Amino acid sequence: MSDHHFYETAAGHGLPHDPFKAIVAPRPIGWISTVSRDGVPNLSPYSFFNAVCDGPPMIAFSSAGWKHSVANAEATGEFVWNLSTRALAEKMNASSAMVPEDVDEFVLAGLEAAPCRLVRAPRVAASPAALECRVVQIIELKTLAGGSSGHWLTIGQVVGVHIRREFLKDGLFDTGAAHPIMRAGYRDEYVEATPETMFRMMRPR
């Protein structure tokens, strides 16, 4: 017997649950705040999110379906990413509820909203860091056959950065002190970064 379980994705994994999300992990959480054209705030976490460019800085989140965050980002050309931490985990999870577009998830999750400087969308006041973004592209992801995957990738260029001063040490953002959380598997699994789990390793020159 081989020491690897191999499967072609088109044929199915043959396991109790699809391992894809558990293998590509941990993943940063795209805790995205937007505002509708009518001025209703929206806040929702996305498990497919990451930085995609550093010059200029860009981030992207992928939505399964045309959800409120994507619709608002398209309508206004703006969104905000908020760093999700262990202290905010339960409220982040509460903001993931499927609710009508006229429901403010900041209120639903019991979170204070703070104004941004360059975009209309609010940010999570308690988050250690937030990135104000303007939309660069919204892309419908296609399959190999050229059909729609039903997923939409929203790419934004970071135009403003908020950092709570207590997380700046010697001019550096202290990632471990912020205790960010990430998706780490199936429906309910997360991982937390802490000062104890951080390590250093310089890339070869």
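Points to keep in mind about this one:
- Diffusion coefficient of the range 50-101 by Stokes-Einstein, Kirkwood radius over Cα pairs, 10 °C, 1.306 mPa s: 122 µm²/s.
- log₁₀ of I(q)/I(0) at q = 0.16, 0.22, 0.26, 0.28 Å⁻¹ - the range 108-181, Debye sum with one point per alpha carbon: -0.78, -1.03, -1.16, -1.21
- Label zone of Arg164 (point 7 Å out along Cα→Cβ, amide N under 19 Å): in the range 81-105 this covers 81-95.
- Relative pair counts by distance (%), Cα atoms of the range 1-117, 5 Å bins: 2, 9, 18, 20, 17, 11, 9, 7, 4, 2, 1, 0, 0
- Along the chain, the longest continuous region that contains none of the chymotrypsin sites (Phe, Trp or Tyr not before Pro) in a DSSP loop with at most 16 other C-beta atoms within 10 Å is 67-185.
- Applying the criteria of a DSSP loop state and at most 11 other Cβ atoms within 10 Å to the trypsin sites (Lys or Arg not before Pro) of the range 1-87 yields Arg37.
- Neighbourhood charge, 15 Å Cβ-Cβ cut-off, centred on Ser36 and excluding it, Lys, Arg +1 and Asp, Glu -1: -4
- Distance in nm between pseudo-label sites at Leu108 and Ala145 (7 Å out along the Cβ direction from Cα): 3.3
- Convex hull of the chain built on C-alpha atoms - directionally averaged projected area, nm²: 15.1
- A simple spin-label model places pseudo-atoms 7 Å from Cα toward Cβ; at Phe6 and Leu118 they are separated by 4.8 nm.
- With contacts taken as Cα pairs under 8 Å at a separation of at least 6 residues, the range 27-193 carries a relative contact order of 25 percent.
- Counted by neighbouring Cβ atoms within 10 Å, the residues Leu43, Leu111 run from fewest to most as Leu111, Leu43.
Every read-out reported here was derived from the displayed coordinates using simple, explicitly stated rules and does not represent laboratory data. These numbers come from a predicted model, not from an experiment. Here the Cβ is made from the backbone with ideal geometry for all residues, glycine too, and neighbour counts use every protein chain on show.
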